[in-house]
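Student: Structure incoming, see below.
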Amino acid sequence: MQTAYTIILAPNPSIMTGPGTNTIVLGGGGGGNEGAIVIDPAVDDAAYLDTLVQEGEKRGGIGRILITHGHPDHMGGAQALRARLHVLIYAFSRQGVPVADVEVADGKTFPAGEDTLRAIHTPGHRFDHHSYYLERQRILFAGDMISGLTTNVIAPPDGNMFDYMNSLQRLQEIDIAEIVPAHGPTIANAQAKIAEYIAHRQLREQQILQTLETLPRGVTIPEMVPAIYTDVDPKLHPIAAWSVEAHLLKLEKEGLVERIGEKGWTLVEPTA
Ligand SMILES: [Zn+2]
């Protein structure tokens, strides 16, 4: 009996990717002849692509390339793999992944051996983000929705906190036995992790509202960050600033904060 999936770690470690991107090979070898699926071939590196092809061959050969979202560390090897195997690249949109051959709508399913893989549209980290859910084995390939390392980065303009929170809430409605993130180790206690993510973002949001209450009207993001991220190395403050901006844009959309002048922010005064 074949394992549900195999993780091949891509040779692209960095501050943003941790040890590298988890590329997934799954399915294949079932009743149909659809072949195996590769999720997120990350880099155009010959030895790494060889490993993917070999793992695919154990499963009857790779039939499809799926991309979670159009960041380079999720699709950097897609074209080279397509050229080798003559298979199609699937992604949410060509706007997000220009090399995609087929656009994948929310809910679309793919045969994956004895199981079925379903696309779940989860925008937020990026507008075109899909997670992929193995229905019978209840495994979620979460891309950058959830990280096995730390909380992931939601950086405008690509990232949208409003959409991201909605996507997390959507995942709360799914019966998930295991999360396989694109970076870091797998997560067994899926719903506890999702709840933790939501609580963490809600706490940050409260801190931002409190900071706007205490600091003068028109305070800027670089002025807010040290007041909120007291426990974080100042070297990481520029990354924290992305997160604060993402939260402010969400709160602006919800009518709770507004801009003053060029770069200032303030609470919306309640109308009596
Ligand atoms: Zn990403």
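The values are calculated or read from the model by the stated rules, or taken from the named source; none is laboratory data. Fair warning: this is a prediction, and the values are worked out from it, not measured in the lab. With ideal geometry, Cβ positions are generated from the backbone for all residues, glycine too; neighbour counts draw on all protein chains shown. For accessibility, only protein heavy atoms count, side chains too; no ligands or nucleic acids. Shrake-Rupley method; radii C 1.70, N 1.55, O 1.52, S 1.80 Å.
Student: Around T21, which amide H atoms from residues at least 5 apart in sequence, or from another chain, sit under 5 Å from its own amide H, with H modelled in the peptide plane?
Tutor: A10, N12
Student: Compute the Rg to Rh ratio over segment 22-81 from the alpha carbon atoms, using the Kirkwood formula for Rh, and round to two decimal places.
Tutor: Rounded to two decimals, Rg over Rh is 0.97.
Student: From Cα pairs below 8 angstrom and at least 6 apart in sequence, can you work out the relative contact order of the chain, rounded to a whole percent?
Tutor: Relative contact order of the chain: 12 percent.
Student: Once label points are set 7 Å from the Cα along Cα→Cβ at both E196 and E34, what is their separation, rounded to one decimal in nm?
Tutor: Taking the simple label geometry, E196 and E34 are separated by 3.3 nm.
Student: Hey, what's the Cα Rg ratio for segment 185-272 versus the globular rule of thumb, 2.2 N^0.38 Å?
Tutor: Rg over 2.2 N^0.38 Å, computed on Cα atoms: 1.21.
Student: Can you give the accessible area of D231 in Å² (nearest 10), computed on protein heavy atoms with a 1.4 Å probe?
Tutor: Accessible area of D231: about 120 Å².
Student: Running Debye on segment 120-272 with equal point scatterers at the Cα sites and no solvent, what base-10 log of I(q)/I(0) appears at q = 0.10, 0.11, 0.13, 0.15 Å⁻¹?
Tutor: The calculated log intensity ratios at q = 0.10, 0.11, 0.13, 0.15 Å⁻¹ are -0.38, -0.46, -0.62, -0.79.
Student: So, how do all the Cα-to-Cα distances of the chain break down into 10 Å bins, in percent, from 0 on up?
Tutor: 7, 29, 32, 19, 10, 4, 0
Student: List the lysines whose Cα lies under 23 Å from the Cα of K235, skipping any in the same chain that are fewer than 8 positions away.
Tutor: Answer for K235, where 23 Å is the Cα cut-off: K263, listed by chain and number.
Student: In the chain, what percentage of the DSSP-assigned beta bridges are antiparallel, given to the nearest 5?
Tutor: The antiparallel fraction comes to roughly 70 percent.
Student: Still on this structure, I have one more. As an exercise, use a Förster radius of 25 Å and the Cβ-Cβ distance of A47 and H86 to find the FRET efficiency, rounded to the nearest 0.05.
Tutor: 0.75
Student: What does the charge add up to near D44, with Lys and Arg as +1, Asp and Glu as -1, over the other residues with Cβ less than 15 Å from its Cβ?
Tutor: Charge balance near D44 sits at -2.
Student: Roughly to the nearest percent, how much of the accessible area of the chain is carbon and sulfur, given a 1.4 Å probe?
Tutor: Of the solvent-accessible surface of the chain, carbon and sulfur hold 53 percent.
Student: Can you list residues from other chains, or at least 5 along the same chain, whose modelled amide H is less than 5 Å from the amide H of S147?
Tutor: For S147, the qualifying residues are N152.
Student: Please report the relative contact order for segment 78-119, taking Cα pairs under 8 Å with a sequence separation of at least 6, and give it as a percent rounded to a whole number.
Tutor: With pairs under 8 Å counted, the relative contact order is 26 percent.
Student: Sort D50, D144 from largest to smallest accessible area, using a 1.4 Å probe on the heavy atoms of the protein chains.
Tutor: Ranked from most to least accessible, the order is D50, D144.
Student: How long is the gain from R94 to A188 if the chain were fully straight, where each residue apart is worth 0.36 nm and the alpha carbon distance is subtracted?
Tutor: Residue separation times 0.36 nm, minus the Cα-Cα distance, leaves 30.6 nm.
Student: Over segment 151-237, with the other protein chains present, what is the accessible area per residue in square angstrom, probe 1.4 angstrom?
Tutor: Accessible surface, normalised per residue, equals 50 Å².
Student: Can you tally the net charge around T17? Count Lys and Arg as +1, Asp and Glu as -1, for every other residue whose Cβ sits under 13 Å from the Cβ of T17.
Tutor: Taking every other residue near T17 into account, the sum is -3.
Student: Please enumerate, by chain and number, the aspartates and glutamates with C-alpha under 13 Å from the C-alpha of K108, excluding those fewer than 8 residues away in the same chain.
Tutor: E135
Student: Let me ask something additional. May I ask for the percentage of alpha-carbon pairs in segment 1-138 that lie more than 19 Å from each other?
Tutor: For segment 1-138, the fraction of Cα-Cα distances above 19 Å is 46 percent.
Student: Normalising by the residue count of segment 162-264, find the relative contact order in percent from Cα pairs under 8 Å and 6+ residues apart.
Tutor: 24
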